[in-house]
């Protein structure tokens, strides 16, 4: 299939029957913003049989590449949403990174990604592709009512719902929603309309992004990061490969740079040429595809919920771009919220479950902000002594491996472990390994009932899953009315057959989850571990399910 | 393990002399650079974060009490 030119796509405004209704139409959920977060949330809700109105204030996908690093966990969520495959196929994987200080390379690293996962640690892929594939998936789901060129301009919060005023090319109309989810980005209109401001640190620095399309360059996908290079002294530069032979270059400019001047192609092109002269792509021909000058802040809203409005993605929290924690954490917000909102709307869980969206994702946002602030402080030291230590680390890194662990040009985005979630049931027996209650499930190779090779995460459904290892404990009776529970029987060997769903053919499931015969792991619908046992009773599993639904 | 603040150096006078010698003929900026490298090397050798945190707190507290005294005396 030929690639769609997602950047040129325009989505026609269409007048909706709601606009002619005598009284405002009522909807269970209105999602505001059809970016990666809003689209992911709408797809997730629709897969859970919740009809969703998705509003977007314009008629295009992302302009420019913007977010370009999508982490393994995010790809696994996209797999669950039915659109991970085209993204993984289109994206660029890389393992080798090179770090330069001044003129010289100080070291190179290989990520040596752990095997036994379907998806790589992350891929580089322009945001417009991600949005494009999400939009294609959304178009397959009749429960998604996507309205382009619909801009929310006012909101009235009421006891049990909210009244939204929406501006369109042919006038205003109103909608009533039980819940509104604001996924409308860092300059969120909804956040302003509810009178909230994010709190945190604004960094006095500017960065130039230049996406350049190289012609006839056959270069392995590597990430190159320069601290204080001669071609751009006292600043940092990042070079990263994207699909279609497009390379992302990030130049730190400093606070005094004039964004309007720096954005002009005649000023960008010499910078790029200078950089290329110092790379293996010397004398390469290129075209400037997109450029942007940005500043950033590490901040979040104090609370991700205000009345009937829940906030997700950049609307709720902002990070520096180092470590790829913006879009990735936003998609993980959607992953956390969708099942909770669906169960609350379906009357299967109390409103208290939505409060755990806030507590869990506020915790995750704090972790992301901490990591990205640390990277930012390393890349752009804020004091003379901070600079002295930064340069000392880089100098030592040439010879001493320990110092390389201190070099921080952005730590790989991994999902937050929700250690203190009230939805977790604490362990009643010892378990080894990295996975704990609150961890996102980790993938592993398995053999499917038809004998083919597959992956653990692909075998999980949209509801709760109890993984039962090497045992026949009948746990289906633990299920709660109206809340799906899949019992997934995993065996260490033998044949997948009736009653046995997966074979742990390489022993990786047992190793990663520390499973013994009779062990059970309970996963939430967003694939987070919420309880585990060595040999539980049906009552214990039911109790853990109730806890994970915030029923007690 | 906690930070050792009782005498622990094999040869205190030798160490002190070597420390001062290491800075001989350096500018203030170069001395800062040397100190930073030395701190990082020693920190890695110690490894344990609680011990390092205690060392940072112990160092910071003497600097703070000194500067507080300076302020009250003026």
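The values are calculated or read from the model by the stated rules, or taken from the named source; none is laboratory data. Treat the numbers as computed from the prediction; the structure is a model and nothing was measured. Cβ coordinates were reconstructed from backbone atoms using ideal geometry, including for glycine residues, and neighbour counts include every protein chain displayed.
Within the stretch A:434-461, the set of residues being in contact with a helix residue (DSSP H, G or I) (Cβ under 8 Å, 6 or more places away or on another chain) and buried (at least 18 other Cβ atoms within 10 Å of the Cβ) comprises A:435, A:440, A:441, A:442, A:443, A:444, A:445, A:446, A:456, A:457, A:460.
Could you check, for the stretch A:238-253, whether at least one of its residues is in contact (Cβ under 8 Å) with a residue 24 or more places away in the chain and over 19 Å from residue A:67 (Cα atoms)? The answer is yes, given that some residue of the stretch A:238-253 is in contact (Cβ under 8 Å) with a residue 24 or more places away in the chain and over 19 Å from residue A:67 (Cα atoms). Checking each residue in the stretch B:21-41 for being more than 11 Å from chain A (Cβ to nearest Cβ), in a helix (DSSP H, G or I) and surrounded by 10 or more Cβ atoms within 10 Å (Cβ to Cβ) picks out only B:22.
Listed here are the residues, each with its yes/no results for (1) under 22 Å from residue A:444 (Cα atoms); (2) buried (at least 16 other Cβ atoms within 10 Å of the Cβ); (3) touching a residue at least 60 places away in the same chain (Cβ under 8 Å).
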| position | (1), (2), (3) |
| --- | --- |
| A:494 | yes, no, no |
| A:509 | yes, yes, yes |
| A:513 | yes, yes, yes |
| A:525 | yes, yes, yes |
| A:530 | yes, yes, yes |
| A:541 | no, yes, yes |
| A:544 | no, yes, yes |
| A:548 | no, yes, yes |
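The residue that is farthest from the chain's Cα centre (by Cα), among those in the stretch A:380-415 that are crowded, with 20+ Cβ neighbours inside 10 Å and under 21 Å from residue A:327 (Cα atoms), is A:410. Only one of the listed residues (A:165, A:149, A:178, A:186) is over 30 Å from residue A:280 (Cβ atoms), part of a loop (DSSP other than H, G, I, E, B), modelled with pLDDT of 95 or more and in contact with a strand residue (DSSP E or B) (Cβ under 9 Å, 6 or more places away or on another chain). That residue is A:149.
Residues checked against (1) away from chain B (no Cβ under 14 Å); (2) modelled with pLDDT of 95 or more; (3) under 30 Å from residue B:39 (Cβ atoms); (4) touching a strand residue (DSSP E or B) at 6+ places or on another chain (Cβ under 8 Å):
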{"position": "A:309", "(1), (2), (3), (4)": "yes, yes, no, yes"}
{"position": "A:316", "(1), (2), (3), (4)": "yes, yes, no, yes"}
{"position": "A:343", "(1), (2), (3), (4)": "yes, yes, no, yes"}
{"position": "A:354", "(1), (2), (3), (4)": "yes, yes, no, yes"}
{"position": "A:368", "(1), (2), (3), (4)": "yes, no, yes, yes"}
{"position": "A:392", "(1), (2), (3), (4)": "no, yes, yes, no"}
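Considering the stretch A:375-390, and only residues there that are in a loop (DSSP other than H, G, I, E, B) and without any contact (Cβ under 8 Å) to a residue 24 or more places away in the chain, the residue that is farthest from the other protein chains (Cβ to nearest Cβ) turns out to be A:382. Within the stretch A:322-367, the set of residues being buried (at least 18 other Cβ atoms within 10 Å of the Cβ) and either in a loop (DSSP other than H, G, I, E, B) or not assigned by TED's automatic domain parsing to the domain that holds residue A:44 (or both) comprises A:322, A:323, A:324, A:325, A:349. The criterion of being in contact with a strand residue (DSSP E or B) (Cβ under 6 Å, 6 or more places away or on another chain) and closer than 25 Å to residue A:114 by Cα does not hold for residue A:492. When residue A:133 is tested against (1) surrounded by fewer than 19 Cβ atoms within 10 Å (Cβ to Cβ); (2) out of contact with any strand residue (DSSP E or B) (no Cβ under 7 Å at 6 or more places or on another chain), exactly one condition is not met: (1). Any chance you could count how many residues in the stretch A:400-411 are without any contact (Cβ under 8 Å) to a residue 12 or more places away in the chain and either more than 11 Å from chain B (Cβ to nearest Cβ) or not in a helix (DSSP H, G or I) (or both)? Here the count works out to 2.
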